[in-house]
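Accompanying notes for the structure given below.
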């Protein structure tokens, strides 16, 4: 039986803990798993959403406004709306973080649409990916 809260997007994995419907749009919370040497997603900023990343295991490197932050277990970083950022795993072990976004504008529907666009044979249509991002208030940098 498929776990509807687990969404695979390319190399990364999203496990939704609270989606936009469960919180009446107040927030979205999920575990974000990134394998070694992976960079996801492309640099972007959120037009209307603040993000908090809290390290659970491994080390996630978040570049925020041009400055790299290593997020190890127990460390937390606040990403205000409007700040360009990206996440990557530059290390040899899988990294997992707890992500909270508020309000809940970027959630299950966004991740499911992105999975359909990315998980295709061959290369994804980058213009379609950017269109999905823009629809949900993510602005490619």
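The values are calculated or read from the model by the stated rules, or taken from the named source; none is laboratory data. Owing to the predicted nature of the structure, the values given are computational and were not obtained by experimental measurement. Neighbour counts run over all protein chains shown; Cβ positions are idealised from the backbone, glycine included.
Residues in the range 60-70 that are more than 14 Å from residue 99 (Cα to Cα) and at pLDDT 95 or above: 63, 64, 67, 68, 69, 70.
Let's see how each residue does on (1) at pLDDT 95 or above; (2) more than 14 Å from the chain's Cα centre (by Cα):
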site: 26; (1), (2): yes, yes
site: 31; (1), (2): yes, no
site: 42; (1), (2): no, no
site: 48; (1), (2): yes, yes
site: 79; (1), (2): yes, no
site: 100; (1), (2): yes, no
site: 103; (1), (2): yes, yes
site: 112; (1), (2): yes, no
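For residue 73, the conditions (1) in a strand (DSSP E or B); (2) closer than 17 Å to residue 93 by Cβ; (3) modelled with pLDDT of 95 or more all hold with the exception of (1). Looking at the range 57-67, can you tell me whether even one residue there is farther than 15 Å from residue 85 by Cα and part of a strand (DSSP E or B)? Yes, some residue in the range 57-67 is farther than 15 Å from residue 85 by Cα and part of a strand (DSSP E or B).
Residues that are part of a helix (DSSP H, G or I) and either under 15 Å from the mean Cα position of the chain (by Cα) or within 20 Å of residue 18 (Cα to Cα) (or both) within the range 129-141 comprise 129, 130, 132, 133, 134, listed in sequence order. Checked against (1) surrounded by 16 or more Cβ atoms within 10 Å (Cβ to Cβ); (2) outside any loop (DSSP other than H, G, I, E, B), residue 104 meets all criteria but (2). Within the range 114-128, the set of residues being in a helix (DSSP H, G or I) and more than 14 Å from the chain's Cα centre (by Cα) comprises 116, 117, 126, 127, 128.
The residue pairs whose first member lies in the range 121-141 and is at negative phi and surrounded by 15 or more Cβ atoms within 10 Å (Cβ to Cβ), whose second member is modelled with pLDDT of 95 or more and in a loop (DSSP other than H, G, I, E, B), and whose beta carbons are closer than 6 Å, counting only pairs six or more residues apart or on different chains, are 136/106.
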